[in-house]
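The values are calculated or read from the model by the stated rules, or taken from the named source; none is laboratory data. Every value quoted in this text rests on a predicted model; they were computed, and no experiment measured them. In this analysis, Cβ positions are derived from the backbone assuming ideal geometry, glycine residues included, and neighbour counts consider all displayed protein chains. When the accessible area is computed, the model is the full protein with side chains, heavy atoms only, and any ligands, DNA or RNA have been set aside. Shrake-Rupley method; radii C 1.70, N 1.55, O 1.52, S 1.80 Å.
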Amino acid sequence: MPNSPANTLLLFGATGDLAQRMLLPSLFGLDGDGLLPEALRIFGTARSDLDGAGFRAAAKESLERYIDADRLIPDVVDRFLGRLHYVPLDASQPEQFSRLAEAIGPIEGNLAIFLSTAPSLFGSTIAGLSAAGLAGETVRLALEKPLGTDLASSRVINDAVAAAFPEERTFRIDHYLGKETVQNLLALRFGNSLFEPLWNSTGIDHVQITVSETVGLEGRAGYYDTSGALRDMVQNHMLQLLALVAMEPPSHFDANAVRDEKVKVLRSLRPITAESAAGETVTGQYKAGAVGGDPVPGYLDELGGPSDTETFVALKAHVDNWRWKGVPFYLRTGKRLPTRRSEIFIQFKGVPHSIFAARGATVQPNKLLISLQPEENIRLLVMAKQPGLDRQGIRLREVPLDLGMANAFADTRRRIAYERLILDLLEGDPTLFVRRDEVEAQWEWIDAIRNGWSANGITPKAYGAGSWGPSAAIALTERDGVSWHE
């Protein structure tokens, strides 16, 4: 029954931050809407020495913290908590997995496993699952990032996974793909005849993708200092967004068709080499400053030692294919920036001739802004005539046409991205998960950038917390006559 819904879900790292903030609230949301299989059992496992009652108490506390009180209907909460079981387990000890298999019992139907543990535990976890009989043909495995630190280490992880779970049963998670507005990007492009004829180098001047954070390390120093902004954000989230913007229309909305088109884009990315790295990339590291009016320490102060890890990166990328020849894609991401937001900004080319210039009017190119967070919104900026009798000349003004998701779909509850991804995992639909060839194409491009930095001795430039990164990031676009959308 490989394609039927799973009736057992196994959560590794069940007492961790991701499970408490996202996974358990997402599962509760699905359960409250009647979307979970009626007989679904949920087993949590982690090193924490809890019993079932202790895990259910911790889960209830998470629901009360992260779910609106009006949705915490007692009968619904009790029903959800009744699905939960817990088995303490040290994933580094494969011999302990027999205890897990014994608790789950014979697998009747499909088992879905959500692996949210350190990558160093992937090998022993896969070995333990296999030895305990929890890796058979009816078992699906979802993997949280990070999946390696470069192409070579990514292949080691993927090879270990593939030894027990073939590609069709492996679900690599990028939670950005579960966001409603990301999926709406596909609807916008391929469900409307308005945009697709202009969605190319003839109609689009450039594309900007920004993922900015106001926070610093937030207790992630051990992970972040070995990763940095390029590997933490660009390699996965931002390149996935770029691929969705740039992909060709798939023949169908299914897993193979969509992912085939994405990987074509990723393989068409022009390599940033040692010769071009200095001109097409900017790296930065925040120093002390102020965010939202509050003073914050610098990265090295938070870390407590020296480091060349970048907390900011800006890139100029090119997709070398027929559709996008000559269109730059500007990417930037960083910590301790002025605002928290994730957005895709598309500037179209201007009209070839303005009939209003002689009457004093200025025409701006149309712009499309797709906001992913903190609010999901799609805004198209168009030119309109300012009301008046025009005795002093015609005045045109840029006005927005907004598709505010909260307003347009006010009757529909906004969902956590993980709700969609968990439901797709349970149902065995891999469309919004990342295929191995995508991951490897992303790492190949990222590795070339890091090699270019190393070859040129490029180290992060300091920028004040609360700013938009080093001044060189402004120069990266200004050289092309482009300003960052802020």
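Before moving on, here are some points about what is shown:
- Helical runs assigned H by DSSP (4 residues or longer) give the chain a calculated mean residue ellipticity at 222 nm of -9000 deg cm²/dmol, each run adding -39500 (n - 2.57) before division by the residue total.
- Binning the C-alpha pair distances of the stretch 102-198 at 5 Å intervals from 0 yields a P(r) profile of 2, 11, 18, 19, 13, 11, 9, 8, 5, 2, 1, 0 %, listed from the shortest bin outward.
- Scattering curve values for the stretch 277-341, log₁₀ I(q)/I(0), Debye with Cα scatterers, q = 0.27 Å⁻¹: -1.16
- Residue-wise HN-Hα coupling along the stretch 241-246, computed from phi with Karplus coefficients 6.51, -1.76, 1.60 (Hz; x: Gly, Pro): 4, 4, 5, 5, 5, 9
- Stretching Glu444 away from Asp159 to a fully extended chain increases their span by 100.9 nm, per 0.36 nm per residue minus the current alpha-carbon distance.
- The mean accessible area for residues of the stretch 54-147, using a 1.4 Å probe and ignoring ligands and nucleic acids, is 44 Å² per residue.
- For a modelled paramagnetic label at Ser92, 7 Å from Cα along Cα-to-Cβ, the residues of the stretch 100-132 in reach, with backbone nitrogen under 12 Å, are 118, 120-122, 124.
- Projecting the Cα atoms of Tyr223, Ser307, Gly289 onto the charge dipole of the chain, computed from C-beta unit charges around the Cα centre, puts Gly289 farthest toward the positive end.
- For the chain, the convex hull drawn through the C-alpha positions has a volume of 172 cubic angstrom per residue.
- Using the Karplus relation 6.51 cos²θ - 1.76 cosθ + 1.60 with θ = phi - 60°, the per-residue 3J(HN,Hα) values for the stretch 220-225 come to 9, 4, x, 6, 5, 5 Hz, with x marking Gly and Pro.
- Whole-percent carbon and sulfur share, accessible surface of the stretch 103-224, 1.4 Å: 57 percent
- Computing FRET efficiency as 1/(1 + (r/R0)^6) for Leu186 and Arg220, where r is the C-beta to C-beta distance and R0 is 30 Å, gives about 0.45.
- Here the stretch 273-355 has 56 percent of its accessible surface on carbon and sulfur atoms, given a 1.4 Å probe and all protein chains in place.
- Karplus (6.51, -1.76, 1.60) ³J(HN,Hα), θ = phi - 60°, over the stretch 74-82, in Hz, Gly and Pro reported as x: x, 5, 5, 4, 4, 4, 5, 4, x
- With Rh defined as the Kirkwood radius, the inverse of the mean 1/r over Cα pairs, the Rg/Rh of the stretch 6-144 is 0.95.
- The protection proxy used here, the mean number of other Cβ atoms lying within 10 Å of each residue, ranks peptides 311-317, 4-10, 276-282 as follows, highest first: 311-317, 4-10, 276-282.
- The separation of the stretch 310-378 from the stretch 182-258, counted between C-alpha centres, amounts to 13 Å.
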